[in-house]
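The structure appears below as structure tokens.
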Amino acid sequence: MSLFEVASIIGFSIVFAAVLGLIIFRKIVPAYQPFIYIVWLGLFNHSLSLLMVRTTGSNAVNGNIFVLAEALLYVWFFSNMGLFSKKKLQTPILIGVLLTAWIFDNLIIHSLRTPNAGYRIVACFIMIFIAIEQLISLIATARKSLVRNSLFIICCGMLFYFSYKAFIEVFFLIEVSSGIKLITAIYSIFVVINCSVNLLFFFAVLWIPRKKQYLFSL
Amino acid sequence: MDSTEKTIFVLALIAGAILGVILLYFIFTIVRQQKKTRRLHLEKMDAEIKALERERTRIANDLHDELGPLLSATKYNINAVDVTDSSDQQLIDKASKHIDDSITRIREISFDLMPSSLQRKGLIVTLEEFIPKAQKLFPVKISFNHRGDGNLSNEMVVNLYRIILEIIHNTVKHAQATELLLELVITDKKVILKTKDNGVGFNHGRMRSESAGLGLKNLVARTDVMRGELMLDSVAGQGTSYHIEIPL
């Protein structure tokens with residue numbers, strides 16, 4: 001079995017979180033809904049990528065759009081979590097930086113039809129900083145153990161996912177064109193990380209607070 | 001892969017492993033630090049609540065045991081004065097009435113600070129005594145149901161009493177409710193307090209973004225020190241429900 005086939009199958013590990021999200025969507029605290037959208041978007045993009053690779057030979061276009069949509073949804077989600085509530089300008093600034101970097105990398109410097117690593121690295125760093133900010137804030141605000149805290153699990157998953165994604169994207173950025181086998185081997189590390197984070201997100205969705213059992217957190 | 005690529009791949013693997021270890025260490029540190037912060041926070045709240053209750057008890061006892069008898073003695077002495085003038089007698093009667101009012105008010109303040117019945121007769125009896133008084137004072141109909149009569153510690157009794165008082169206060173002051181249902185269930189393993197009012201309710205999101213009131217923080221703090229859980233369900237226009245569970 002080729003790495004592409006393995007990655008295709010393992011990529012569908014997000015389906016567990018997506019199906020669970022569908023079941024509990026109406027029962028959860030509405031502030032968590034953007035995270036369910038992120039999970040669904042991940043599943044949709046993975047399916048679309050497979051289709052695009054089979055039909056056009058490249059998933060660059062949908063991949064480039066997906067990374068922008070994913071980052072914006074994360075900003076929305078953390079805004080709902082109150083992470084930016086004390087600095088009102090933080091949300092528009094983050095959205096502005098993400099949009100500018102995306103337009104610059106995908107429309108001005110490069111084409112939307114090529115996988116562009118520049119924006120992805122910028123977005124990864126922003127996502128990592130957001131996750132760290134939220135984790136530090138949880139130290140002071142979480143009233144229960146963090147192990148079953150959905151927000152904590154989401155941040156941990158983001159930290160792993162985006163750290164390794166930034167690490168992998170560097171290889172695409174410097175275009176090690178001579179070593180396609182090397183790139184493939186390095187990408188295999190990311191496939192394992194992606195699968196682990198997808199399973200972690202299943203537990204994050206499982207432990208999202210329910211509406212009727214709203215735990216008041218001050 | 002040629003030998004250079006193999007070297008790059010091995011280096012990438014090592015770098016990835018180091019990154020993984022750093023991230024894991026960071027996450028474990030966060031979990032450990034949160035546990036420590038949580039423990040310190042609970043200890044601080046526990047100490048603050050105990051100090052507050054101790055001070056309330058002391059003031060209540062001083063008022064009830066020292067000022068009360070002193071005023072009674074004063075009244076007795078005033079009434080013992082033999083006067084012939086009717087205007088003097090009126091003055092004495094008036095002073096005696098003021099002293100009676102003062103004694104009654106001191107008893108009320110003392111009860112508000114720390115009901116003596118709370119430790120002598122327990123939570124249920126104190127609430128059964130308090131609720132009719134509250135209904136006379138506030139325009140709200142309170143239905144109180146209870147089941148079970150476990151052996152609760154003094155601290156827990158005081159905390160539960162304060163929580164119920166705070167909920168009644170919130171219902172009257174903020175919820176503008178006309179009915180309040182209170183249900184207290186005491187089993188061998190836990191205490192469950194459920195309340196529901198028919199008031200105006202409030203919006204969770206707004207409550208979270210704005211600084212929550214002191215009363216609500218008090219409820220959370222007292223629930224926390226008893227290692228309990230407070231669940232709140234409120235929708236604007238549809239009333240407010242509290243569900244508090246305290247493990248025994």
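The values are calculated or read from the model by the stated rules, or taken from the named source; none is laboratory data. Quantities reported herein were computed from a predicted structural model and do not represent experimental measurements. Glycine gets a Cβ as well: all are built from the backbone with ideal geometry, and neighbour counts include every protein chain shown. Note: accessible area is taken over every heavy atom of the protein model, side chains too, but ligands, DNA and RNA are not part of it. Shrake-Rupley method; radii C 1.70, N 1.55, O 1.52, S 1.80 Å.
What the table shows:
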{"quantity": "Exposure of B:Thr7 as accessible area (Å², to 10), given a probe of 1.4 Å and all protein chains", "calculated": "80"}
{"quantity": "Accessible area in the full protein assembly, largest first, 1.4 Å probe, for B:Asp197, B:Asp233, B:Asp2", "calculated": "B:Asp2, B:Asp233, B:Asp197"}
{"quantity": "Approximate spin-label separation B:Val81-A:Tyr187, in nm, with each point projected 7 Å along Cα-to-Cβ", "calculated": "10.3"}
{"quantity": "With all protein chains modelled, accessible area of A:Val147 [1.4 Å, Å²]", "calculated": "90"}
{"quantity": "Where A:Ile168, A:Ile9 fall by accessible area, highest first, once all protein chains stay in place (1.4 Å)", "calculated": "A:Ile9, A:Ile168"}
{"quantity": "CD proxy at 222 nm, helix term only [per DSSP H run n ≥ 4: -39500 (n - 2.57); per residue of chain B; nearest 500]", "calculated": "-21500 deg cm²/dmol"}
{"quantity": "Contact order relative to length of chain A, as percent, for alpha carbon pairs under 8 angstrom and 6 or more apart", "calculated": "30"}
{"quantity": "Carbon plus sulfur fraction of accessible area for the protein assembly as shown, probe 1.4 Å, in percent", "calculated": "62"}
{"quantity": "Mean separation of Cα contacts under 8 Å, 6 or more apart, over the residue count of segment B:132-200: relative contact order %", "calculated": "37"}
{"quantity": "Rounded accessible area per residue of segment B:1-147, 1.4 Å, Å²", "calculated": "68"}
{"quantity": "Cβ charges +1 (Lys, Arg) and -1 (Asp, Glu), total dipole of the protein assembly as shown, debye", "calculated": "980"}
{"quantity": "3J(HN,Hα) from dihedral phi, segment A:108-115, Karplus parametrisation 6.51/-1.76/1.60, rounded to Hz, x for glycine, proline", "calculated": "9, 6, 10, 9, 5, 8, 10, x"}
{"quantity": "Long pairs among A:Lys144/B:Lys217; A:Lys144/B:Lys35; B:Lys141/B:Lys194; B:Lys94/B:Lys133; B:Lys35/B:Lys217; B:Lys136/B:Lys173, criterion Cα-Cα beyond 18 Å", "calculated": "B:Lys94/B:Lys133; B:Lys35/B:Lys217"}
{"quantity": "Computed over chain B: relative contact order in percent, which uses C-alpha pairs under 8 Å that are six or more apart", "calculated": "15"}
{"quantity": "Sequence-distant residues sharing a close amide H with B:Phe202 (under 5 Å, placed H)", "calculated": "B:Val235, B:Ala236, B:Gly237"}
{"quantity": "Using θ = phi - 60° and Karplus 6.51 cos²θ - 1.76 cosθ + 1.60, couplings along segment A:138-154 (whole Hz; Gly, Pro as x)", "calculated": "5, 4, 8, 9, 5, 8, 10, 4, 6, 4, 10, 8, 4, 4, 5, 5, 4"}
{"quantity": "Karplus-derived 3J(HN,Hα), 6.51/-1.76/1.60, for each residue of segment B:231-248, Hz, glycine and proline x", "calculated": "10, 10, 10, 9, 10, 3, x, 10, x, 10, 10, 10, 9, 10, 10, 10, x, 9"}
{"quantity": "At least 40 Å² of accessible area lost relative to the chain alone, listed for segment B:3-38 with a 1.4 Å probe", "calculated": "B:Glu5, B:Ile8, B:Phe9, B:Ala12, B:Leu19, B:Leu23, B:Phe26, B:Ile27, B:Ile30, B:Val31, B:Gln34, B:Arg38"}
{"quantity": "Where A:Leu98, A:Leu51 fall by accessible area, highest first, once all protein chains stay in place (1.4 Å)", "calculated": "A:Leu51, A:Leu98"}
{"quantity": "Efficiency of FRET from Cβ geometry, B:Asn145 and B:Lys190, R₀ 22 Å, rounded to 0.05", "calculated": "0.85"}
{"quantity": "1.4 Å probe accessible area per residue over chain A, in Å²", "calculated": "49"}
{"quantity": "Area of B:Ile27 that stays accessible when all protein chains are in place (1.4 Å probe, Å², to 10)", "calculated": "20"}
{"quantity": "Net charge of Cβ neighbours under 14 Å - reference B:Ile244; Lys, Arg +1; Asp, Glu -1", "calculated": "+1"}
{"quantity": "Loss of accessible area when A meets B, both sides summed, Å² nearest 100, probe 1.4 Å", "calculated": "3200"}
